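To start, the structure under review is shown below, and the notes come after it.
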Amino acid sequence: MNTDQHRAIAQRRARLLAHVGDGIAIIPTAPERVRNRDTHHPYRFDSYFWYLTGFPEPEAVLVLAGGKSILFCREQDAEREIWDGFRYGPEAARQAFGFDEAWPIACLDEKLPELLADRPCLWHALGHDPDWDARIAKALNAVRAQARSGKRAPATLHDLRQVLDAMRRVKDAAELELMQRAADIASTGHVRAMAACRPGMAEYELEAELTYEFRRRGATAHAYPPIVAGGANACILHYIDNDKLLGAGSLVLIDAGCEVAGYAADITRTFPVDGRFSAIQKDCYELVLAAQAAAIAAIRPGADFMAPHTAAVRVLTQGMVDLGLLHGEVDGLIESGAYQRFYMHRTGHWLGLDVHDAGEYKCGADWVDLAPGMVLTVEPGLYIRPAADVPPHLHGLGIRIEDDVVVTADGCRVYTHAPKTVAEIEEVMRHG
């Protein structure tokens with residue numbers, strides 16, 4: 001991370017400290033996870049912890065109390081570093097990441113009661129991790145046991161996620177810079193997959209092209225299990241087998257994004273396996289593209305979160321009538337939900353450190369209003385499963401087009417840029 005990114009993280013801690021006031025906040029990172037026997041999954045930090053620290057190691061906890069940010073982390077260990085690599089240790093971590101204090105993680109259980117004592121309230125992600133709930137309950141009981149000495153445990157407990165979710169929903173400049181980098185890498189990965197695609201390839205071969213491009217350009221990993229769905233597999237929304245052959249004359253839907261410094265890109269493109277859309281494929285594809293354009297045009301400060309979905313649904317429903325998939329008046333078909341047979345998901349979600357990022361979508365009964373710095377996906381689709389009342393030439397067509405969009409002061413900006421018009425896609429595939 002560069003200096004600006006470290007500064008932005010320190011500012012987030014300061015904002016949270018101001019909110020916590022005389023209380024105390026405890027934010028642990030994620031534990032390491034066993035894959036099988038003595039092999040672990042590649043480590044990935046907790047998003048809340050990373051948002052406030054930028055510290056990459058496991059076995060770490062951030063405590064905010066008394067106007068200070070305190071890190072607990074592993075000590076340096078020459079023996080373990082031979083096997084597992086570099087460890088900062090408390091003092092180096094304090095200096096490198098700008099904490100006020102740093103302590104060995106082995107001291108945490110001893111120091112927690114001391115830190116909790118006489119704090120009026122405790123902020124923690126209650127219910128997120130049963131082991132941590134038990135650990136904090138033990139520390140609270142240790143403080144209560146000192147009541148005759150005048151020590152008091154926090155009288156109130158607050159779910160820290162409510163505050164952090166609201167903070168994370170609006171990205172700062174450092175976050176948007178990282179998300180743009182992730183989007184740039186992910187976009188080139190989709191171009192590579194388009195250029196490589198040929199009939200007879202396996203879906204996993206296109207997945208391999210994505211993985212190569214993501215890692216070659218410095219992304220940490222896929223941000224989520226990629227979907228490479230040829231033909232009717234595209235009508236399975238969470239298809240991740242990626243093990244079938246790609247047939248000539250069919251479409252392939254790829255939903256894949258990479259992660260950079262914890263931040264995700266999320267892109268979907270659908271294109272013809274043999275490089276040219278048939279007439280009916282083109283008609284269906286351009287319907288979804290028009291729905292996406294209408295959704296993007298609806299994104300602006302003050303519009304509510306559902307505005308892009310409402311705009312996309314109207315375009316898609318009219319298109320379903322034109323294709324002979326639905327019959328009736330568009331308003332009635334929308335009101336009855338008939339369109340959901342062929343378009344059954346929302347048009348977007350928040351995006352950031354998590355692919356489905358933190359942040360409420362409603363405030364009371366009302367949808368959240370969009371504001372500058374919010375980032376959301378825009379991903380309308382059309383999924384036509386074979387059925388007796390569906391025109392046969394439409395059977396098995398699955399199309400989704402997804403981009404990442406940031407709300408700006410005067411509208412929005414699409415910052416993913418993989419080709420998506422028919423002409424652009426066919427041009428890439430022609431010269432692949």
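None of the figures in this text is laboratory data; all of them are computed from the coordinates on show. Since we're looking at a predicted model, the values are computed, not measured.
What's the center-to-center distance, using Cα atoms, between the stretch 71-138 and the stretch 276-303 in Å?
Using only Cα atoms to place each centre, the spacing works out to 48 Å.
If you take every DSSP beta bridge fully contained in the stretch 3-167, what fraction is antiparallel? Give it as a percent rounded to 5. Let's see the in-between values first.
Working: 12 of 22 bridges.
Here the share of antiparallel DSSP bridges comes out near 55 percent.
Take every Cα-Cα pair in the stretch 131-201 and report what % of them are more than 19 Å apart.
Values: 1664 of 2485 pairs.
That fraction is 67 percent.
Using the Karplus curve 6.51 cos²θ - 1.76 cosθ + 1.60 with θ = phi - 60°, what ³J(HN,Hα) values do you get for each residue of the stretch 23-38, in whole Hz, with x for Gly and Pro?
Result, ordered by residue: x, 9, 10, 10, 10, x, 7, 6, x, 6, 10, 6, 7, 6, 6, 10 Hz.
Convert each backbone phi in the stretch 286-293 into a coupling constant with the Karplus relation 6.51 cos²θ - 1.76 cosθ + 1.60 (shift: θ = phi - 60°), then list the ³J(HN,Hα) values in order as whole Hz, x for Gly and Pro.
Karplus-based 3J(HN,Hα) across the stretch 286-293 equals 5, 5, 5, 5, 5, 5, 5, 4 Hz.
For the chain, take the alpha-carbon Rg, divide it by the Kirkwood Rh, and send me Rg/Rh. Could you put the intermediate results ahead of the total?
Numbers: Rg = 24.8 Å, Rh = 23.9 Å.
Here Rg/Rh amounts to 1.04.
Which percent, nearest 5, of DSSP beta bridges in the chain are antiparallel?
On the way: 45 of 55 bridges.
Around 80 percent of the beta bridges assigned by DSSP in the chain are antiparallel ones.
So what does log10 I(q)/I(0) come out to for the stretch 3-167 at q = 0.09, 0.14, 0.18 Å⁻¹, using the Debye formula with one equal point on every Cα and no solvent?
Cα-only, vacuum Debye calculation for the stretch 3-167: -0.31, -0.74, -1.19.
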